[in-house]
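Just so you know, all these numbers are worked out from the coordinates, no wet-lab data involved. Keep in mind that this is a model prediction, so the values were computed, not measured. We place every Cβ from the backbone using ideal geometry, glycine too, and count neighbours over all the protein chains shown.
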Amino acid sequence: MKREHENARALAIHEAGHLLVGWAQRVVSVSASVWSPEGFTFTEVSADADWTAAEEKTRSIAAQVAVAVAGGAAELVVAGELGVSELAEIALDDILEATGGIDFQLAQEWLALQRHDPSQDSIELEIVDVFRLVAVDLSGSHATSALGELADLFLSRRAARPRERVSVSLDEHEVRDIVAGLTLRTDYPLGRTTTPNITEVTTR
């Protein structure tokens, strides 16, 4: 997932969101958030699920969607822009602006892989549902503190080596200390894209 932004701290918070939500998932692996020499950031994500099992495939897709939107959710939560009332009323355009086009498109593409070929309306409503759940998880005091610490670590490494590729990895002891004891949702159930849009009709 790649993100470009004029605000360096917002970039760091964004990637910290991907990292934290990915860390908590059982069916995806997030290895590191990277700051490239070209100035953009991205988080490395891979899926290990068995897609021949329908339930595991759905959990994997849900996890990928959650990780995709987590960067935007982290930015809004840390900036203090998402209270309970704002979260209840957040619109799709607000989510698109917060996540950025690439992450938003990734979320759409993962949901389009559901075996029932859901409609675009269902996909968009599903993104809103998952975004709200992710934002609630990241709004807890322990989570927001971890986001800030990860962002500070990322920024300090970028400042020390601005023309080199730097990363923050979940394998590092320093990062493990930051996330120690943190509790986040381990899966994000999908409620809108797991049923067919139409009923199959056969004629004789």
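What translational diffusion coefficient, in µm²/s and rounded to a whole number, does the Stokes-Einstein relation yield for the chain at 4 °C and a viscosity of 1.567 mPa s, taking the hydrodynamic radius as the Kirkwood radius over Cα pairs?
Here the translational diffusion coefficient equals 75 µm²/s.
Classify region 80-193: rounded, prolate or oblate, from the alpha-carbon gyration tensor (a ≥ b ≥ c, eigenvalue square roots; a/c under 1.5 rounded; otherwise prolate if a/b is larger than b/c)?
Taking the square roots of the gyration eigenvalues as a ≥ b ≥ c, region 80-193 is prolate.
Quick one: among G71, G191, G22, which has the greatest mean-square fluctuation in a GNM of the chain with alpha-carbon springs under 10 angstrom?
Residue with maximal mean-square fluctuation among G71, G191, G22: G191.
Long-range amide H contacts for A47: which residues qualify at under 5 Å (H placed 1.01 Å from N, peptide plane, sequence gap of 5 or more or a different chain)?
Amide H neighbours of A47: S29.
Which shape class, rounded, prolate or oblate, goes with region 1-72 when its Cα gyration tensor gives a ≥ b ≥ c as root eigenvalues, a/c under 1.5 marks rounded, and past that a/b bigger than b/c marks prolate?
prolate
In whole angstrom, note down how far apart the Cα centers of region 109-151 and region 166-190 are.
Taking the Cα centre of region 166-190 as reference, the centre of region 109-151 is 16 Å away.
Report the per residue volume, in Å³, of the convex hull enclosing the C-alpha atoms of region 129-192.
In region 129-192, the Cα convex hull volume per residue is 115 Å³.
Sticking with the crude label model, points 7 Å out along Cα→Cβ, report the distance from S145 to S31 in nm, one decimal please.
If labels sit at S145 and S31, their model points lie 3.1 nm apart.
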